[in-house]
Structures are given as structure tokens and as C-alpha cells.
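The values are calculated or read from the model by the stated rules, or taken from the named source; none is laboratory data. All figures in this text were calculated on a predicted structure; none of them were measured in a lab. Because the Cβ atoms are built from the backbone with ideal geometry, glycine has one as well, and the counts that use them run over all protein chains shown.
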Amino acid sequence: MKRLLLVTLICGLFATLFPLRAIAAPPSQDEEPPCNPLATFLKEKLDLPCTDLMAYQVDGVSVGLGEIMIAYFLTTVFPDVKWDDLVEMHVTGDLGWGQIVKAYTLASVLEVSAEDLLADREAGMGWGEIRKEEGLEPGKPPWAGPPPWAKGHGKPDWAGPHAKE
């Protein structure tokens, strides 16, 4: 027991006399603090400092990096839209990402404004009603459907024999 106490005291004395360099050296004022890996990726793409991304808020509501990342990727699909507008629409407009994607996709097909489609949606119209009003048949959109390799029951030829053959 005395030996354990002696070893503990020696270790404590050693740690006090020779502190680790990382603890002893104060960080430079010019250095940016370590950044979340996702924030590092976004910082390069959006040209914003990590600290701004980590503290990003819309109307006093904190926005997570995941939402910012989704908005960034949507701007790669819809280049005319800014990422912060999408985040604001998602946070304050009570819209899910699927509704936002559906509005912008349908708007690009119909060559109308996504904001007009979302206003119709907010007024109580369903997506089928909006499509019908714009001259499209309700139901699956023209870009939806089975994958090009699917035949019959949706199984590709290389998946083995079909049950009804």
C-alpha cells in the first residue's frame, strides 16, 4: 500500500514539473479551433468559417449540419436556389425535404415557380390537384416508374427465372 502511494506521489510530482506541451502552450489567437469533419467539408463548399456553420440559426432556431448538408446537395441539383433559402424554407415553412424536392422538381418540369406551387400547397391543394391544374395527369410523375432494367415483376433478367414462366 505504501508503495502504491509513493508511485502516485511521484507520478503527480512528475506531471506537475513537466506538463504536457499541449496543455502548457496556450493556443494562438490566429488559429481557428478544431472543426467538425462535416463542417470542414461544408466550409470549403460554402465558403464560410466553421464557427459560423456551427452556430448557424434561422429566426433564432439552431440549424444542424445535417440540414445544411442536405440543402447544399439540393443546390447541386437545383442550381438556381441558394442553400440558405432552402434551410429557411425547411425550418420556418414547416416543410419536409421531400415536399421541397417535389416542388422544385415539378416546377422544373412545368417551367413554373416552385414558390407558386408551394403557395398552392399551403392553400390546401394536394399535389395531384396541382398537377391537374397545370395540365398533367394526377398520379405518378413522368420521371417515376420502374427502373429501366425491370421487366414483368420488376425482377431483372439476371435475377433468375420468373415464377410464372
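Worth a mention:
- Given (1) modelled with pLDDT of 65 or more; (2) assigned to a helix (DSSP H, G or I), index of the condition F14 fails: (1)
- Extreme residue, surrounded by the most Cβ atoms within 10 Å (Cβ to Cβ), among residues of region 53-89 that are part of a helix (DSSP H, G or I) and at pLDDT below 85: L53
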